[in-house]
Ligand code: FDA
């Protein structure tokens with residue numbers, strides 16, 4: 001069977017690339033080993049799919065080349081995807097920090113994309129293994145399908161139990177494309193036994209500023225029995241490297257806060273002062289860690305300032321991450337130096353493209369990763 005392009009992977013990137021190319025008149029075959037398309041879309045955003053972010057801009061993405069995403073993001077922006085969502089009558093709302101979600105269900109996004117594929121006459125083959133990829137005389141062969149163009153859209157290995165694989169990297173290497181070492185991102189961090197104190201408060205969440213080197217995110221952190229999670233930690237995890245320290249600001253104005261508490265309630269203990277601003281169990285664990293067993297009125301300035309330092313800069317040295325099993329995305333991937341930023345076409349292999357999470361472009365938490373899937377998918381879809 002002859003096609004104009006074979007697209008491998010019916011996730012967000014593959015579906016929109018297929019629809020775009022199909023509607024422009026190309027004969028497209030879309031292949032996936034899963035039994036339904038867009039499985040990650042279905043589970044995303046707690047079932048409501050955080051499909052884009054109003055604030056999307058290139059600075060919200062990690063890549064060895066921070067400029068790479070600019071072209072695709074500007075040529076198919078968050079507003080373009082939102083227009084498509086509205087054209088399909090899908091009701092949406094902004095939750096927080098520019099994050100746009102369906103009012104109803106993530107299923108609506110998958111149905112919209114499959115509908116767009118149908119409008120473009122795309123043939124979708126599900127429950128189909130890719131197998132060996134043939135390449136001769138400028139044509140690619142996958143099973144019995146042949147085409148002059150092949151799109152790698154099989155995502156990254158995050159959440160293998162959902163069918164995620166490192167197939168994209170295998171295909172890239174088969175065509176001699178460099179792969180930036182993949183690593184789990186937007187992932188909980190693990191702590192060692194010396195941080196046991198905090199495991200005891202597993203389930204406690206509070207707003208923090210989380211910092212790694214020169215990056216900071218102001219959102220909630222969650223203490224877990226394995227370490228740290230919550231949006232602030234997931235965000236910072238994408239920037240964290242083994243051996244680095246994570247610092248949490250729990251109370252930004254801790255020195256003034258403690259001095260004020262000392263004036264107002266000199267007979268109280270530190271835990272009571274902390275509990276005015278922090279969840280009770282966390283206040284208790286921190287007071288134990290700070291270890292000042294005196295009434296506030298008896299704590300000298302220097303000692304109070306040391307306590308304040310713990311609240312403004314509580315540091316952890318994570319032992320690692322919870323890995324691909326819990327990572328929302330994979331950072332790293334097919335090296336952007338191998339690709340055209342305008343079309344996502346491989347520079348050295350005519351007809352080959354790579355899009356979506358398979359590529360070394362990783363968004364922050366909050367709808368940015370889907371926006372990259374849409375933008376890179378449309379870039380390739382228009383070029384096919
Ligand atoms: P994606 O992984 O979606 O698709 C790849 C496709 O290739 C899949 O259909 C897969 O079955 C197929 N495939 C893989 N290996 C194959 C093989 N060997 N053979 C054949 N087919 C193969 N992002 C966001 O912006 N907002 C959100 O709300 C969320 N929420 C979220 C929740 C959870 C739990 C996860 C794990 C992830 C998110 N994300 C997210 C991230 C987002 O899901 C992700 O970035 C995009 O789905 C990436 O789209 P792609 O199309 O590139 O890959």
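The numbers here are math on the coordinates, done by the rules we state, and not lab data. Keep in mind that what you see is a predicted model, and the values were worked out from it rather than measured. Neighbour counts are summed over all protein chains in view; Cβ atoms, including those assigned to glycine, are modelled from backbone coordinates with ideal geometry.
Quick notes
- Difference of contour (0.36 nm per residue) and Cα-Cα distance, residue 65 to residue 309: 84.2 nm
- Residue exposure sequence - 79, 92 - by fewest surrounding Cβ within 10 Å: 79, 92
- Packing, taken as the mean count of other beta carbons within 10 Å per residue, orders the peptides 231-241, 163-173, 12-22, 135-145 from highest to lowest as 12-22, 231-241, 163-173, 135-145.
- Solvent-free Debye scattering, log10 I(q)/I(0), computed from the Cα coordinates of the range 328-370 at q = 0.30, 0.33 Å⁻¹: -1.04, -1.16
- Label zone at residue 74 (point 7 Å along Cα-to-Cβ), backbone N below 12 Å, the range 339-355: 342
- Taking a ≥ b ≥ c as the square roots of the eigenvalues of the alpha-carbon gyration tensor, the range 1-154 is classed prolate because a/c is 1.5 or more and a/b outweighs b/c.
- Put in line by how crowded their Cβ is, counting other Cβ atoms within 10 Å and starting with the fewest, 257, 162, 344 read 162, 257, 344.
- Volume of the Cα convex hull of the range 65-126, divided per residue and given in Å³: 140 Å³
- Fraction of beta bridges assigned by DSSP in the chain that are antiparallel (%, nearest 5): 75 percent
- Alpha-carbon spread of the range 199-318, three principal axes, descending order, Å: 43, 27, 21
- Unit Cα scatterers, Debye sum, the range 83-236: log10 I(q)/I(0) for q = 0.09 Å⁻¹: -0.53
- Principal axis box of the range 250-384, alpha-carbon based, largest edge first, Å: 75, 26, 24
- Two-decimal log10 I(q)/I(0) for the range 106-190, as the Debye equation yields it once each C-alpha is a single scatterer, q = 0.14, 0.16 Å⁻¹: -0.70, -0.89
- Angle in degrees between helix 301-312 and the longest Cα principal axis of the chain, rounded to the nearest 10: 20 degrees
- Principal axis dimensions, largest first and in whole angstrom, of the chain by Cα: 83, 42, 34
- Seen through its C-alpha gyration tensor, with square-root eigenvalues sorted a ≥ b ≥ c, the range 14-97 comes out rounded because a/c lies under 1.5.
- Cα long-axis angle, helix 280-290 against the chain (0 to 90 degrees, to the nearest 10): 70 degrees
- The chain, relative contact order [Cα under 8 Å, separation at least 6], %: 26 percent
- Square roots of 5 times each gyration tensor eigenvalue, C-alpha, the range 288-342, largest first, Å: 47, 15, 8
- Using only the C-alpha atoms, the convex hull of the range 155-244 corresponds to 127 Å³ per residue.
- Ordered by the number of other Cβ atoms lying within 10 Å of each residue's own Cβ, fewest first, 259, 54, 264 fall into the sequence 264, 54, 259.
- Among 192, 38, 11: highest mean-square fluctuation, GNM of the chain, C-alpha pairs under 10 Å: 192
- Counting Cα-Cα pairs of the range 197-243 in 10 Å increments starting at 0 gives whole-percent bin shares of 31, 51, 18.
- Stretched out straight at 0.36 nm per residue, the stretch from residue 202 to residue 178 would grow longer than its current Cα-Cα span by 4.6 nm.
- Helix 12-23 vs. the chain, principal-axis angle (Cα, 0 to 90°, nearest 10): 30 degrees
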